[in-house]
Amino acid sequence: MYNNTNINLISVLCILTICTIGAQEKLPLLPNGWHVHDTNRPLPKKITPAETHLGAPSDAIVLFNGENFDQWTTKNRDSITWKLSNGFMQVTPRSGSIYTKQSFGDIQLHIEWFVPEEPTKQSQKKGISGIFLMGIYKLQVIDAEENQEYADGTVGAIYGQTPALVNAAKASGKWQSYDVIFTAPVFKNETLVSPAYITVFLNGVLIQNHTEIYGPAAYKTTIPYKAHPEKLPLMLQDHGQPVRFRNIWVRAL
């Protein structure tokens, strides 16, 4: 049986619950359909982060673990002739760029890269490559010390469009890392509704902050957006230099 104390306690709890619900409904309604500080909103999924920043979290798709090219192919689906050694892949100059077998839209990307020391090479001819989001939108990879030719072609640039906020690159001959948040463009009835955006950290330093991408990468010109699928492969560029890559993973967003 309930005594008066229990009945009073239950009454108080009911009143508090009703008050909480009422107070919550008075909070602003967000565009996504939830109230601000909504206690009914599902909590974020818990995942296991890596022990160090070098590893992939538990929900990542590992694109390269240093052992094989299983997640990669070429434009013509031929065998890959890039070198595989000591946990990294290395561009074989003029052998062709490589593409992921999987296609992606909005992603978080981690990739590490290495520009070899080549004293005889200078500017745009030293350690150049690129990471092409969706195979179209280029994040520049290049030696940071020698390339002073044009700002939107330097390390961390959205090629031909937007230079990095700062140059946070290490010297050639050292491993560097990009951490990228990429938002794919949106098309409706072949018309651009929203452009692509990109945020980039180079060696842990913010160098692109939700930067709008104006269209596909191009040399000495601009190319307008053209409607394409919601998901496309990533591409690592062969630009004639023996650039290395390792520890590549993505998270679909």
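The values are calculated or read from the model by the stated rules, or taken from the named source; none is laboratory data. On a predicted model such as this, the values are computed, not experimentally measured, just so you know. Note: ideal-geometry Cβ built from the backbone for every residue, glycine included; neighbour counts use all protein chains shown.
Here are 246, 251: which of them is modelled with pLDDT of 95 or more, under 19 Å from residue 183 (Cα atoms), among the basic types (Lys, Arg) and touching an Asp or Glu at 6+ places or on another chain (Cβ under 7 Å)?
One residue alone meets the criteria, 251.
Considering only residues that are assigned to a strand (DSSP E or B) and within 23 Å of the chain's Cα centre (by Cα), look in the range 61-84 and name the one that is nearest to residue 245 (Cα to Cα).
So the residue we want is 64.
Are any of the residues in the range 140-149 at pLDDT 95 or above, surrounded by fewer than 22 Cβ atoms within 10 Å (Cβ to Cβ) and assigned by TED's automatic domain parsing to the domain that holds residue 177?
no
Check whether at least one residue in the range 120-135 is modelled with pLDDT of 95 or more and part of a loop (DSSP other than H, G, I, E, B), and report yes or no.
yes
Could you say whether any residue in the range 175-183 is touching a residue at least 12 places away in the same chain (Cβ under 8 Å), aromatic (Phe, Trp, Tyr), assigned to a loop (DSSP other than H, G, I, E, B) and closer than 15 Å to residue 135 by Cβ?
no
Enumerate the pairs (first residue in the range 194-215 and not assigned by TED's automatic domain parsing to the domain that holds residue 169; second residue anywhere and of a type in the set (Ser, Thr, Tyr)) with beta-carbon separation below 9 Å, excluding pairs fewer than 6 apart on the same chain, so at least 6 apart or on different chains.
No pair meets every condition.
I'm told residue 17 meets every condition in (1) surrounded by fewer than 11 Cβ atoms within 10 Å (Cβ to Cβ); (2) modelled with pLDDT of 70 or more except one. Can you identify the failing condition by its number?
Only one criterion is unmet by residue 17, namely (2).
Please verify whether residue 188 is surrounded by fewer than 17 Cβ atoms within 10 Å (Cβ to Cβ) and modelled with pLDDT of 95 or more, treating the condition exactly as stated.
Here the answer is yes, as residue 188 does meet what is asked.
For the range 37-52, which positions are on the phi < 0 side of the Ramachandran plot, surrounded by 10 or more Cβ atoms within 10 Å (Cβ to Cβ) and modelled with pLDDT of 75 or more?
Scanning the range 37-52 gives 38, 41.
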